[in-house]
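In what follows, a single structure is set out as structure tokens and then discussed.
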Amino acid sequence: KAGVTQTPRYLIKTRGQQVTLSCSPISGHRSVSWYQQTPGQGLQFLFEYFSETQRNKGNFPGRFSGRQFSNSRSEMNVSTLELGDSALYLCASSERTGEGEKLFFGSGTQLSVL
Amino acid sequence: GQNIDQPTEMTATEGAIVQINCTYQTSGFNGLFWYQQHAGEAPTFLSYNVLDGLEEKGRFSSFLSRSKGYSYLLLKELQMKDSASYLCAVRRNDYKLSFGAGTTVTVRA
């Protein structure tokens, strides 16, 4: 099976712009979650989608939004970008197995806001 | 909310054993994960504990005590490639997953 795929790998934007990041989960995985990772804050949970429904949301402003499509692919959008939004954005898909639940991460999108 | 605490840094010698502790406070506990993350790469799954006890997988073992809000990751026979950040993450019943800040392990020859 192919792993979690995130595009683009790198992105440079300026303040005030908006950005859309894409995530394709592992085939068969219905849960997709998004995280922001910065050196100072570590991994921060953004939101999780399951079968096209947002199942949970972290403590981020409304500028951060997401959605999931019927094929489980997910997109994350950040509007009115701020310098502090510069971070690595990671997407993960999960499955529940006999060994418990496993989360698989994509390589991330490195966003730089200038 | 929940608090997840783990040491910031640990250093050990090749071939040695290192234990990374993680303490947490949460409501509706539904599992604890350990991930390994090398610099510039995505986190990779190491272990998942939902019941008390020790889970062993080769050189890595993870322990959980739900009553104490405590877990540890044990790395045995350390190798240079084990130098990485190790992340403790707690999942609640509402599926929300929260990560600790991570422990940077440096393995020296």
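Every number here is computed from the coordinates shown, using simple stated rules; none is lab data. This is a predicted model, so every value here is computed, not measured. So basically every Cβ, Gly included, is an ideal-geometry build from the backbone, and we count neighbours across all protein chains shown.
Quick notes on this one:
- Applying the criteria of a DSSP loop state and at most 12 other Cβ atoms within 10 Å to the GluC sites (Glu not before Pro) of segment A:1-83 yields A:GLU82.
- Stokes-Einstein D in µm²/s, Kirkwood radius over Cα pairs - segment B:10-109 at 37 °C with 0.692 mPa s viscosity: 239
- For chain B, applying the loop criterion from DSSP together with a ceiling of 15 other beta carbons within 10 Å to the GluC sites (Glu not before Pro) yields B:GLU14, B:GLU41, B:GLU77.
- Computed label-point distance, nm, for sites B:GLU77 and B:THR11 using a 7 Å Cα→Cβ extension: 2.6
- The GNM of chain B, with springs linking C-alpha atoms under 10 angstrom apart, assigns the highest mean-square fluctuation among B:SER85, B:SER47, B:SER27 to B:SER27.
- Diffusion coefficient of segment A:19-77 by Stokes-Einstein, Kirkwood radius over Cα pairs, 25 °C, 0.890 mPa s: 208 µm²/s.
- Approximating the spin labels as points 7 Å out from Cα along Cα→Cβ, the A:LYS57-to-B:SER27 distance works out to 1.9 nm.
- DSSP beta bridges fully contained in chain B are about 90 percent antiparallel.
- FRET E, pair B:ALA109, A:GLN110, Förster distance 25 Å, beta-carbon r, rounded to 0.05: 0.20
- Charge dipole (debye, nearest 20) of segment A:8-114; +1 at Cβ of Lys and Arg, -1 at Cβ of Asp and Glu: 180
- Dipole of the protein assembly as shown [Lys/Arg +1, Asp/Glu -1 at C-beta], most positive-end residue of B:ILE17, A:MET76, B:ILE4: A:MET76
- Backbone phi angles across segment A:58-68, fed through the Karplus curve with coefficients 6.51, -1.76 and 1.60 (θ = phi - 60°), yield HN-Hα couplings of x, 9, 10, x, x, 5, 9, 9, x, 7, 10 Hz in residue order; Gly and Pro are listed as x.
- Loop-resident sites, segment B:1-100, for trypsin sites (Lys or Arg not before Pro), counting at most 11 other Cβ within 10 Å (DSSP): B:LYS68
- Computed over chain A: relative contact order in percent, which uses C-alpha pairs under 8 Å that are six or more apart: 36
- For chain A, taking Cα atoms only, Rg and Dmax work out to 13.6, 46 Å respectively.
- Choice from A:LEU46, A:LEU21, A:LEU83 showing the highest fluctuation, given a GNM over chain A with Cα pairs closer than 10 Å: A:LEU83
- The Cα-based radius of gyration and maximum Cα-Cα distance (Dmax) for segment A:59-114 are 14.0, 46 Å.
- Shape annotation for the protein assembly as shown: C-alpha extents along the principal axes are 49, 35, 35 Å, from largest to smallest.
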